[in-house]
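Data first, discussion second: the structure below is written as structure tokens.
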Amino acid sequence: MPERHTNWIRIGLFALPISGALLAWSSLDPQPNQNKNPEAWARFVGSTYYLLTHVFGSVGSALLAIFGVMALGAYLAKSRAGRLGLVAMVVTVLGQALSLVIGGVSTFALNAIGRAYLSGTKDVMQLEFSSAMSVLFALAILLLIVGNVLLGVAVWRSGALPKWTGTIWVASALMFYVLGAVLGMATTGSSLPTQPVGGLLMVISGVWIAWSALRQPSVGIVGAAAQPGMQ
């Protein structure tokens, strides 16, 4: 592969930590419980701040994650875990693509519902989304968990990147999605403090991955299979 192409892939890896930072930012402020305090909930989701954090934090993070994960899959393609990396890339990108649907609804529909409620249209709270959306959300979360865990394992096994970057990446996925999104929906109905922590771990692992790839031009796409395992 021409060196100019590999350079683009290495640069693309920096989308991973930026995505993690946006994800952490978007989950810093948990939204109030809609059933217990509809007024506070409407003020929260109807605000400009909510709109900005979700457009740039949730949707923007997912878009950058797709670019970063594709770059990581390409970087690992010729490594010891090339096939696993490509499978993980496909699963993760599918999960992120589905999350864009959920993110679009939660960003614009909830913002409109909140503003309508605050303007006096109280019946807007009676709106219910199709059960298909819940199925889509569950599928997106499942794909994101599986895909990111497989990505971390692929990085760990690749010999092309420091093993600890893969370990931290797996921890970030479990912290954000399992102990954050899933547990939050099952308990408080909102984001938990574990989600910003998971986003921060993504930043740490992503920066380490991108920096390691940038400093080692002969590793990864060009000749990772011939490199010894990195500790």
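The values are calculated or read from the model by the stated rules, or taken from the named source; none is laboratory data. Values in this document were obtained by computation on a predicted structure and should not be read as measured data. Note: ideal-geometry Cβ built from the backbone for every residue, glycine included; neighbour counts use all protein chains shown. Note: accessible area is taken over every heavy atom of the protein model, side chains too, but ligands, DNA and RNA are not part of it. Shrake-Rupley method; radii C 1.70, N 1.55, O 1.52, S 1.80 Å.
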Out of 73, 20, 46, sole residue that is at pLDDT 90 or above, more than 15 Å from residue 147 (Cα to Cα) and open to solvent by less than 40 Å² (accessible area, probe 1.4 Å): 20
Pairing a residue in region 112-124 that is under 13 Å from residue 45 (Cα atoms) and open to solvent by less than 40 Å² (accessible area, probe 1.4 Å) with any residue that is of a type in the set (Ser, Thr, Tyr) and not in a helix (DSSP H, G or I), where Cβ atoms lie under 8 Å and the two sit 6 or more apart in sequence or on different chains, gives 114/47
Filtered residues of region 36-79 (kept if of a type in the set (S, T, N, Q) and free of Cβ contacts under 8 Å to residues at least 24 places away in the same chain): 37, 48
So the helices (runs of 4 or more DSSP H) completely within region 96-176 holding 3 or more residues that are over 21 Å from the mean Cα position of the chain (by Cα) and more than 21 Å from residue 213 (Cβ to Cβ) are 110-118
So is residue 106 closer than 19 Å to residue 144 by Cα and in contact with a His (Cβ under 8 Å, 6 or more places away or on another chain) or not? yes
Go over the candidates 192, 201, 127 one by one and state the one that is open to solvent by 60 Å² or more (accessible area, probe 1.4 Å), farther than 16 Å from residue 73 by Cβ and of a type in the set (A, V, I, L, M). 127
Can you find even one residue in region 80-95 that is without any contact (Cβ under 8 Å) to a residue 12 or more places away in the chain, open to solvent by 30 Å² or more (accessible area, probe 1.4 Å) and over 29 Å from residue 161 (Cβ atoms)? no
With respect to the numbered conditions (1) assigned to a helix (DSSP H, G or I); (2) open to solvent by 70 Å² or more (accessible area, probe 1.4 Å), which one is the sole condition not fulfilled by residue 62? (2)
Can you pull out every residue in region 96-106 that is buried (at least 21 other Cβ atoms within 10 Å of the Cβ) and of a type outside the set (Gly, Ala, Ser)? 96
Taking the stated definitions as given, is residue 23 under 29 Å from residue 71 (Cα atoms) and either free of Cβ contacts under 8 Å to residues at least 24 places away in the same chain or in a helix (DSSP H, G or I) (or both)? yes
